[in-house]
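A.B. asks: Would you mind keeping the following structure in view while I ask a few things?
The values are calculated or read from the model by the stated rules, or taken from the named source; none is laboratory data. Quick caveat, the model's predicted, so the values are computed rather than measured. Quick reminder, even Gly has a Cβ in these numbers, built from the backbone with ideal geometry, and neighbours come from all protein chains shown. Accessible surface is based on the protein model in full, side chains and every heavy atom, while ligands, DNA and RNA are left aside. Shrake-Rupley method; radii C 1.70, N 1.55, O 1.52, S 1.80 Å.
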Amino acid sequence: MLDPTIRRIESTLRNPWVLLSAGAVLLAILLAVLVATFPLYRPVLESQFSFSLLVMAVMLFVILNGTALCILAERKVAAFTQDRFGPNRVGFWGLLQPIADGLKFLLKEDIIPARVDRPLYLLAPTLSLVVSLLGFAIIPWAGYVRWPWLPADAPPLTTQVANLNVGFLYLVAVGAVGVYGVVLAGYASNNKYAFYGGMRAAAQMMSYELPLGLALLVLLLTTGTLRLDEIVRQQAATGTWYVFAHPLAFFLVLVTAFAETNRAPFDLPEAEQELVGGYHTEYSAMKFAMFFLAEYAHMITNSALIVALFFGGWAPLPFVSWYSETSGVIDPTWWNVSWGAMLLKLAIYLTKVALFIGLYMLIRWTIPRFRFDQLLRIAWQGLVPAGIGLLTVTALLAYAGWHRNAAVTLVANVLILLVCLRAAARSRRPVTARQEDLPPIDVAPPITGQHP
Amino acid sequence: MRDEDVLILKEPELTPAERLYLPQILDGMRTTLRHMFNVRRRQSTVCQYPEQRRELTGQMRIANYRGVHRLNKDPDGRIACVACFMCSSACPAHCIHIEAGESPWPDREKYPIRFDIDELRCIYCGMCEEACPVDAIELTPHYELVGCSREEMIFDKEKLLQIYEETKHIKPRKNPPITDYGLTGGQSRDVAQPNVESKL
């Protein structure tokens, strides 16, 4: 005996035209407000500092909503791969499900177990979320922009929040801090399963930071810069995305990105079949939701990083030059500095990121989780040697002056990949070895004598 | 057990592709993608519950389905239960509560004054149905059972008899195995009509 009013609201929300028109009305109101108040915020747009703040606010909004949509998308992908429909009750095609989820998390009872380490317990989810959002500061979303009302010789503004010289080194550092949240959650929960989850996360992060660093060093040798906007500009100018020059490095970064975000097949810290819930076993309500949001925000950061490093950032197509002049000078053509092109570039960038997130999800629902020894063996016996080999060869190429030649680096990458695969295929113990193929573990003899 | 009874199986060797693992990942992704874009398969697999209902087809399915209980009536419209407590003894969830009283009719000694089933406690195992000597309690194919309070979900005699009235066209009462306690001198009055073919 459901209340007919509720039924009516429900069916109204499930009408796609209602949703579409509501969205259109909201968008129109937003645009009208933006146009009407233009003189008010015009000075904000003109200085780089306040413009960066604006970019930060807008992108924070986009990303937090993006994570909510990601959660819906994940459930949909999971359902589709399993021949189900997924959430399709709230709103048309389940599109309002994130709102329902958010409300549920807000209204749930927020339990703090009695014997947790209270300050650390409260700090952990905050740390996770904050750290995963920090990475967005250096993503070069849409190149440069020069407002049409400014003189033609005015310095163009960058659509990065912070154009750091240390560039992606900062992202790696921030990503590594992300594991603190997980480890702290595991430690502070005073729960064995959570603790196991935290320990696994720590070991995993140790192992996978290394190949990530090696692959990024390869890229540093090739590009000669750490600045993300400069790397994107190089790719847009030459038309050679670095995924074509260094497919192996891309592969290493991709695998480590999976591991760093604790996503399947590397989701051992939150393996619910083994560890109840892993590090977030003891968390409920909004604190649990923050871990969830952090995971997806981390995913978006890593995808954005990969897109910037290997897939040409905002460049629409490979093998075409979208940026014609030398480094440091901004070409005043429409594509490079107009605000319309900026929006277009932002859309292209976000599309690429969304495609990567789709890949993440597809992989998650395809591959089973690795065993822990397999996980470590993949890192130390697979990825690290490949990374070292690639780094050595790239260094030699750079010494010979061929590192900018994409054909040469491509051949070098493929050769190293073939060598690695050959070694893996010939080895008696492949990285995904079965348990009985492994040598017996030396068990320490039991300690004899009296218990103290 | 003899030695030749023991069968030693060896796991197959990993093929080169399986050792490399990467081709296997691509293979798996092909499978997931195939399922993802197979809309027809999805539609035929999933029953979208409130709009689509599962159809219980065939007399066997209807006879065997263990939904909500009912209390049968005999051909005279009297409650068929003789308050023997077999069902409540058999019930593993202890959800049946019976109060017996002296029967006003000559063909049986007792009848239930109260007959309550806690439908929230019930595990729908069907033991009561099997225990009943006169086939008075039966499970129906009706599975949509909701309520707003726990008290509401304790079904009393009237409610259970009403369910019989509502479901007897789907699932008629079985011929009870015991129809007479010798009280009427072999002239049983509690013989239901033979089952007629009925459709859901």
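A.B. asks: Could you sort the peptides A:202-212, A:339-349 by per-residue average Cβ neighbour count (10 Å cutoff), highest mean leading?
C.D. replies: A:202-212, A:339-349
A.B. asks: Summed for both chains, how many Å² of accessible area, to the nearest 100, are buried between A and B with a 1.4 Å probe?
C.D. replies: 2400
A.B. asks: What list of ³J(HN,Hα) couplings, whole Hz, do you get for region A:93-99 from phi and the Karplus terms 6.51, -1.76, 1.60, once you set θ to phi - 60° and write x for glycine and proline?
C.D. replies: In residue order, the calculated couplings are 6, x, 5, 8, 4, x, 5 Hz.
A.B. asks: Taking the mean number of other Cβ atoms within 10 Å as a proxy for protection, how do you rank A:34-46, B:113-125, A:189-201 from highest to lowest?
C.D. replies: Packing proxy ranking, top to bottom: A:189-201, B:113-125, A:34-46.
A.B. asks: Which whole-number percent gives the relative contact order of chain A, counting Cα pairs below 8 Å spaced six or more residues apart?
C.D. replies: 19
A.B. asks: Something else now. With θ set to phi - 60°, apply the Karplus curve 6.51 cos²θ - 1.76 cosθ + 1.60 along region A:277-291 and write out the HN-Hα couplings as whole Hz, x wherever there is a Gly or Pro.
C.D. replies: Running phi through 6.51 cos²θ - 1.76 cosθ + 1.60 with θ = phi - 60° gives x, x, 5, 9, 4, 8, 9, 9, 6, 5, 5, 5, 4, 5, 4 Hz.
A.B. asks: Semi-axes of region A:1-81's equivalent ellipsoid from the Cα gyration tensor, sqrt of 5 times each eigenvalue, largest first, rounded to whole Å?
C.D. replies: After scaling each eigenvalue by five and taking roots: 35, 21, 10 Å.
A.B. asks: Taking just the C-alpha trace of region A:232-328, give me its Rg and Dmax in Å.
C.D. replies: That works out to 18.1, 56 Å for Rg and Dmax.
A.B. asks: Rounded to the nearest 500, what is chain A's calculated 222 nm mean residue ellipticity when only DSSP H runs of at least 4 contribute -39500 (n - 2.57) each, over all residues?
C.D. replies: Only helices count here, giving -21000 deg cm²/dmol.
A.B. asks: Sequence-distant or interchain residues sharing an amide H contact under 5 Å with A:Thr240, placed H: which?
C.D. replies: For A:Thr240, the qualifying residues are A:Phe319.
A.B. asks: Which lysines have a Cα less than 29 Å from the Cα of B:Lys157, not counting those fewer than 8 places away in the same chain?
C.D. replies: Cα-Cα hits under 29 Å: B:Lys73, B:Lys110, B:Lys168, B:Lys171, B:Lys174, B:Lys199.
A.B. asks: Around B:Lys171, with a cut-off of 10 angstrom between Cβ atoms, what is the net charge of the other residues, counting Lys and Arg +1 and Asp and Glu -1?
C.D. replies: +3
A.B. asks: Rounded to the nearest Å, what's the spacing between the alpha carbon centres of region A:155-220 and region A:377-411? Just the number, please.
C.D. replies: 23
A.B. asks: Starting from the Cα of A:Lys104, draw a straight line to each of the lysines and keep only those under 22 Å, dropping any in the same chain fewer than 8 residues away.
C.D. replies: Reachable lysines: A:Lys76, A:Lys287.
A.B. asks: Could you work out the mean projected area of the convex hull around the alpha carbons of chain B, in square nanometres to one decimal?
C.D. replies: Taking the Cα atoms of chain B, their convex hull projects to 21.4 nm² on average.
A.B. asks: Just checking the output field for A:356-368: average partner chain Cβ neighbours within 10 Å of each residue's Cβ?
C.D. replies: That average works out to 3.
A.B. asks: Largest first and in whole Å, what are the equivalent-ellipsoid semi-axes of region A:6-160 based on the Cα gyration tensor, each being the root of 5 times an eigenvalue?
C.D. replies: Gyration-tensor ellipsoid for region A:6-160: 35, 26, 16 Å.
A.B. asks: Moving on. When 1/r is averaged over all different Cα pairs and the result inverted, which Kirkwood radius in Å belongs to region B:98-176?
C.D. replies: One decimal place: 14.0 Å for the Kirkwood radius.
A.B. asks: Let me ask something additional. Give the peptides B:8-19, A:116-127 in descending order of average Cβ contacts within 10 Å, highest first.
C.D. replies: Result, highest mean first: A:116-127, B:8-19.
A.B. asks: Can I ask one more? Can you work out the accessible area per residue across region A:1-59, with the rest of the protein chains kept in place, probe 1.4 Å, in square angstrom?
C.D. replies: Value returned for region A:1-59: 77 Å² of accessible area per residue.
A.B. asks: Going from the alpha-carbon gyration tensor of the protein assembly as shown, what semi-axes, largest first and in whole Å, does one get by taking the root of 5 times each eigenvalue?
C.D. replies: Taking √(5λ) for each eigenvalue gives 63, 35, 24 Å, largest first.
A.B. asks: Can you give the calculated 222 nm mean residue ellipticity of chain B, where each DSSP H run of n ≥ 4 adds -39,500 (n - 2.57) and the sum is split over every residue, rounded to the nearest 500 deg cm²/dmol?
C.D. replies: Roughly -7000 deg cm²/dmol at 222 nm, from the helical runs in chain B.
A.B. asks: Just the number please: accessible area per residue for region B:56-137, 1.4 Å probe, all protein chains included, in Å².
C.D. replies: 47
A.B. asks: Here is a further query. Leaving ligands, DNA and RNA out of it, report the carbon-plus-sulfur percent of the accessible area of chain B at a 1.4 Å probe.
C.D. replies: Roughly 54 percent of what the probe reaches on chain B is carbon or sulfur.
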